[in-house]
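Structure record follows, encoded as structure tokens.
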Amino acid sequence: MGPATLDVRPRQVVVAGGGPAGATAATLLAQQGVDVLLVEKEEMPRFHIGESLMTETWWPLERLGLVDWLRQSSFPRKYSVQFISDTGKPSRPFYFFETNSHESAVTWQVERSIFDAKLVERARECGVEVHTSTSVERVVFDGDRATGVVVRRDDETLEIPSTVFVDATGLGAVLARQLRLIQKDPKLRKAAIFAHYRGALRDEGIDEGATLIISTTENRGWFWYIPLADDRVSVGVVGSPDDLLKARGSPEEVLAEEVAACATMAERLARAELASPVRVVADFSYRARRCSGDGWVLVGDAFGFIDPVYSTGVFLALKSGQMAADSTAAALRDGETTGGRLGSFAREFAAGMEAMRKLVHAFYTPGFSFANFVRQHPEHRDRLVDLLIGNVFKPGVTDIFEDMKSFCDLPEEFPLEA
């Protein structure tokens, strides 16, 4: 819980959203001496999907001071990702330690309620003022400059002035929607139905914590299968909204039907039982046309969201929160909180997102196979592994796409406005 009352005094930075992007931005700003208010619309802990940490999350987590906590946690260790075809044929696991000798090659499958609550706790420890059950209604502007936010707390509406507003409101994307900046990816119009199960089949040894990507019948979509602590797994099916959500019954019925139709999933969940409500997210691949403006910056899903097939969400949230914190702290020190200064990281970050987006488009191309691509272009295997672990900012990693063009239709990049 935050303090009993919310003071409306001006803050240097107001961050909206207590997920990985917002908590990271707030913590790293506070560590640099910035006065930060973090508001989160829900109470913590709260359920959230997206449990699988890419290996490149290790670096922002180290900077946040959370690697030791993760080492001591009961979260399953993640050594690899494996793809299973619609016929049940598994690929060879992509073991991250084969190309990365650093400790970061082994990561974790986290329960997001616990993980996100720890991030917010860390923000408090670093001096961030945190208020939960407090939602941003709208961002206040003076001309083109953001000057504060209007928040709702209980039955009270308050206006809080700020020098900089950091939007980390996730799929709600409060400011991007207020400014009509959202551009959707029409070829990645997907929906997901998901839940946690208890008592499912788990692999042994270092494969126990592997992320599995399992194609559905006739490749209409795919399942994620992510082992968690306490004998649970996170399971979700992703496919066309028209296929999953229209005239097929309740989400519980559709998920059960999809599981039963996939031999691999049916076998793994034969003795399992639901351990959570069944939830739905629809039409979720998009990106804002801008990352920042005078007095504001977007991070995490509030800037853009990519189909979750490669578990990019938490990594992109942590990375954008880190980059935005550094650019915002520097802009505040110089007294120049323009869009250009606050979003000085935007082009580099957007390029990394575009690399992952192209890889997602390749995954959904009928008949495309990463194994076949690597067999014909073995020189790109390390680049593919780099992309799968989130090393999307490495020089030269995007060279893979020139040759990949002859195997699948890659999308034009989303333009990024200044």
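The values are calculated or read from the model by the stated rules, or taken from the named source; none is laboratory data. Quick caveat: nothing in here was measured; it's all calculated off a predicted structure. Cβ coordinates were reconstructed from backbone atoms using ideal geometry, including for glycine residues, and neighbour counts include every protein chain displayed.
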Q) Taking helices (runs of 4 or more DSSP H) that fall entirely within the range 330-406, which contain at least 2 residues that are among the aliphatic types (A, V, I, L, M) and in contact with a helix residue (DSSP H, G or I) (Cβ under 8 Å, 6 or more places away or on another chain)? A) 346-364, 381-389, 400-404
Q. Counting only residues that are more than 19 Å from I49 (Cβ to Cβ) and touching a Pro at 6+ places or on another chain (Cβ under 9 Å), which one in the range 214-272 is surrounded by the most Cβ atoms within 10 Å (Cβ to Cβ)?
A. T264
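Residue-by-condition table, conditions (1) crowded, with 20+ Cβ neighbours inside 10 Å; (2) under 15 Å from I226 (Cα atoms); (3) more than 20 Å from the chain's Cα centre (by Cα):
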site	(1), (2), (3)
V67	no, no, no
Y79	yes, yes, no
P93	no, yes, yes
F96	yes, no, no
H102	no, no, yes
Q: Please specify each residue of the range 35-83 satisfying the condition of being among the hydroxyl-bearing types (S, T, Y) and in a helix (DSSP H, G or I).
A: T55, T57
Q: Exactly one condition in (1) within 25 Å of the chain's Cα centre (by Cα); (2) within 27 Å of P10 (Cα to Cα); (3) touching a residue at least 40 places away in the same chain (Cβ under 8 Å) is not met by T163; state its number.
A: (1)
Q | Only one of E159, E121, E137 that is in a helix (DSSP H, G or I) and among the acidic types (D, E) | A | E121
Q) Considering only residues of the range 284-309 that are assigned to a loop (DSSP other than H, G, I, E, B) and in contact with a helix residue (DSSP H, G or I) (Cβ under 6 Å, 6 or more places away or on another chain), which is farthest from S344 (Cα to Cα)? A) D307
Q) Does at least one position in the range 16-34 carry a residue that is more than 23 Å from the chain's Cα centre (by Cα), at pLDDT below 95 and assigned to a loop (DSSP other than H, G, I, E, B)? A) no
Q: Would you check which residues across the range 277-299 are modelled with pLDDT under 95 and among the small types (G, A, S) and list them?
A: A282, S285
Q. On the given criteria, is P10 surrounded by fewer than 17 Cβ atoms within 10 Å (Cβ to Cβ), under 16 Å from V166 (Cα atoms) and not aromatic (F, W, Y)?
A. yes
**Q.** When residues of the range 44-57 are limited to those that are under 15 Å from T312 (Cβ atoms) and of a type in the set (A, V, I, L, M, F, W, C), the one surrounded by the fewest Cβ atoms within 10 Å (Cβ to Cβ)
**A.** I49
